[in-house]
1. Of everything in region 12-28, what is closer than 22 Å to residue 47 by Cα and among the aliphatic types (A, V, I, L, M)? Give them in sequence order.
2. Considering each residue of region 28-54, count those that are among the polar types (S, T, N, Q) and in contact with a strand residue (DSSP E or B) (Cβ under 9 Å, 6 or more places away or on another chain), and give that number.
3. Of all residues in region 13-36 being assigned to a helix (DSSP H, G or I) and either among the charged types (D, E, K, R) or farther than 20 Å from residue 58 by Cβ (or both), which is farthest from the chain's Cα centre (by Cα)?
Amino acid sequence: MSMKVPASLEEWNAAGDDYLPGLLGMRFIRVELDEVVATLEVRRALGAWNGYLHAGTVTSLAEPAVAMARSGACQQAPAGSPQWN
């Protein structure tokens with residue numbers, strides 16, 4: 001599957017707008033080869049009945065951040081570098 005890796009923060013954020021990251025309100029603040037910073041406004045709908053942030057919310061924040069870091073890293077890797085499949 002071929003995909004265009006976003007080149008700006010606006011493109012990174014727009015890439016998730018129509019998907020789970022957009023639904024949750026995630027915004028990427030920094031996307032670099034060695035660092036991804038994302039934010040999420042904590043609200044009641046993302047919590048568990050006991051008042052804590054739901055673990056599914058936490059993993060739903062982490063997974064796209066890791067995926068975006070991986071996408072950028074694979075695109076920027078030197079020729080011949082090992083990459084995930």
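1. 20, 23, 24, 26
2. 1
3. This residue is 14.
To keep it simple, each residue is scored yes or no on (1) surrounded by 11 or more Cβ atoms within 10 Å (Cβ to Cβ); (2) modelled with pLDDT of 85 or more; (3) of a type outside the set (Val, Ile, Thr); (4) at positive phi.
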| position | (1), (2), (3), (4) |
| --- | --- |
| 3 | no, no, yes, no |
| 13 | yes, yes, yes, no |
| 21 | yes, yes, yes, no |
| 29 | yes, yes, no, no |
| 34 | no, no, yes, no |
| 48 | yes, yes, yes, no |
| 54 | yes, yes, yes, no |
| 72 | yes, no, yes, no |
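The values are calculated or read from the model by the stated rules, or taken from the named source; none is laboratory data. Predicted model only: the values in this text are computed from it and were never measured. Quick reminder, even Gly has a Cβ in these numbers, built from the backbone with ideal geometry, and neighbours come from all protein chains shown.
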